[in-house]
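**Student:** Input: one structure, supplied below.
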Amino acid sequence: MFRPQRRHAIAAAIAMACSASPVFGQTPWPSQPLKIVVGFPAGSTPDLMARLLAEPLQQALGQPVVVENKTGAGGNIAADQVARATDHHTIGLMINGNLTIAKILNPATTYDPLKDLTPVSLIATSPLVLTVPASVNTSGAAYFAAARQSGDKWNYGTPGVGTVAHLGMELLKAKAGIAPVHVPYPGNPQVITALLGDQIQMSLLPPGLAMAQVRAGKLKAIGVTSAGRSSVVPEVPSLAEAGVKDLQLEIWNAVAAPNSLPKAHVNRLATLLTEIVRRPEIRQKILAQGWQVAGTSPEGLANRIRVDTAAMADVIQKNNIRPN
């Protein structure tokens with residue numbers, strides 16, 4: 001007769017084997033290559049993040065993992081493709097806007113983030129850096145005092161209407177009591193060029209873009225939009241240190257799936273992705289790109305989506321922001 005400990009060990013081993021194996025008659029998942037759809041071009045942050053995840057995810061799943069770039073509409077074309085997928089082998093690497101305010105900003109958006117997509121895992125987050133020309137000779141509270149005095153004579157640049165940088169600046173204006181005028185550009189490279197040429201006075205930029213210019217002495221960082229200092233750019237103070245209270249804003253990348261993907265597959269992907277991004281070598285690569293690892297459960301990402309959707313929807317409605 002087996003000892004109690006022996007019986008328990010055998011029962012645990014059987015349970016583990018059953019959970020790892022498909023039920024008889026069911027096809028193992030994934031049964032074909034898994035596709036990660038990215039709404040931005042090769043070399044963009046979402047693209048780099050997806051390709052960083054693809055190889056270890058492929059090793060864990062035992063099936064090829066391919067990245068497909070489907071650009072346009074700020075990533076919403078790709079998000080729509082994911083939302084409509086029914087093959088159980090299509091997921092997306094998306095940014096904030098695709099999973100939060102896409103439908104609120106533009107009612108004509110062909111998918112509803114909250115109804116058509118299933119959260120899988122929040123991959124990485126980053127604050128934005130309030131960046132100004134190198135010619136600015138003030139910082140901290142003195143900078144905001146000068147901004148308030150200048151009123152609408154100052155301008156700020158963003159990579160477009162409805163972007164996180166745009167909504168974040170409108171939120172900053174309300175919190176700091178400043179009134180710079182919005183100047184939209186085709187993308188952040190053009191925003192940086194305008195800052196370098198003193199054509200605009202400020203912008204909220206991702207650390208990966210801003211800090212190369214700041215460290216070269218070509219631009220100046222006033223503060224980050226996180227609640228405190230960020231591990232991504234620990235040398236830059238938070239805007240709270242400059243007297244701007246109750247402002248917390250981050251950009252983020254996340255993996256989402258169509259609602260058609262079974263919950264068991266969603267949970268498996270979330271567990272694998274969380275383990276992958278927390279590996280020291282992967283964490284370091286993500287940090288080098290200007291991001292802080294998150295790695296959450298589907299429920300963690302769903303909560304983040306709810307909170308950010310409410311905050312950004314409030315900014316959109318109060319400022320009557322609509323896409324061009």
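Just so it is clear, none of the values below were taken in a lab; they were calculated from the coordinates. Here the structure is a predicted model, which means the values were calculated and not measured. Reconstructed Cβ throughout: ideal geometry from the backbone, glycine too, with neighbour counts over all protein chains shown.
**Student:** Across the chain, how many lysine pairs, 8 or more positions apart or on different chains, have C-alpha atoms separated by under 17 Å? Please give the number.
**Tutor:** Eligible lysine pairs with Cα atoms under 17 Å apart amount to 9.
**Student:** Give the separation of the Cα centroids, the range 184-219 to the range 281-305, in Å.
**Tutor:** 25 Å
**Student:** Still on this model: Tell me, what is the FRET efficiency for Glu241 and Thr271 to the nearest 0.05, using R0 = 45 angstrom and their Cβ-Cβ distance as r?
**Tutor:** Efficiency, from the Cβ-Cβ distance: 0.75.
**Student:** Give me Rg/Rg_expected for the range 255-324, where Rg uses Cα atoms only and Rg_expected = 2.2 N^0.38 Å with N residues.
**Tutor:** So the Cα radius of gyration is 1.44 times the expected 2.2 N^0.38 Å.
**Student:** Right, next: Could you run the Karplus curve 6.51 cos²θ - 1.76 cosθ + 1.60 with θ = phi - 60° over the range 157-168 and give me ³J(HN,Hα) per residue in whole Hz, x for Gly and Pro?
**Tutor:** x, 9, x, x, 5, x, 6, 4, 4, 5, 5, x
**Student:** Net charge within 12 Å of Tyr143 by Cβ-Cβ distance, Lys/Arg positive one each and Asp/Glu negative one each, not counting Tyr143 itself?
**Tutor:** +1
**Student:** State the answer as a single residue: which of Met169, Pro180, Trp291 lies farthest towards the positive end of the charge dipole of the chain, with beta carbon charges of +1 for Lys and Arg and -1 for Asp and Glu, about the Cα centre.
**Tutor:** Comparing the listed Cα positions along the dipole, Trp291 ranks first.
**Student:** For Glu68, enumerate residues with amide H under 5 Å from its amide H, sequence gap 5+ or separate chain, H modeled in the peptide plane.
**Tutor:** Distant-sequence amide H within range of Glu68: Ile36, Val37, Val38.
**Student:** With no solvent and one point per C-alpha, what does the Debye sum give as log10 I(q)/I(0) for the range 129-248 at q = 0.09, 0.11, 0.15 Å⁻¹?
**Tutor:** Rounded to two decimals, the profile gives -0.19, -0.30, -0.58.
**Student:** If you don't mind, another one. Which value in deg cm²/dmol, rounded to the nearest 500, describes the helix-derived mean residue ellipticity at 222 nm for the chain, given -39,500 (n - 2.57) per DSSP H run of n ≥ 4 and division by the residue count?
**Tutor:** Computed ellipticity for the chain at 222 nm equals -13500 deg cm²/dmol.
**Student:** Return the ratio Rg/(2.2 N^0.38 Å) for the range 39-102, where Rg is computed over Cα atoms only.
**Tutor:** That works out to 1.11 for the range 39-102.
**Student:** Further, regarding this structure: Take every Cα-Cα distance within the range 185-253, group them into 10 Å bins from 0 onward, and report for each bin the whole-number percent of pairs it holds.
**Tutor:** Pair shares across the bins are 19, 50, 30, 1.
**Student:** Given a 10 angstrom Cα cut-off, can you work out which residue in Pro298, Pro28, Pro258 is the most mobile in a GNM of the chain?
**Tutor:** Maximum among the listed residues: Pro28.
**Student:** How many percent of all Cα-Cα pairs in the chain sit more than 24 Å apart?
**Tutor:** Here the tail beyond 24 Å accounts for 56 percent of pairs.
**Student:** Let me ask something else about it. Nothing charged except the Cβ atoms of Lys and Arg (+1) and of Asp and Glu (-1): what's the magnitude of the dipole of the chain about its Cα centre? Round to the nearest 20 debye.
**Tutor:** Charge dipole of the chain: 620 debye, to the nearest 20.
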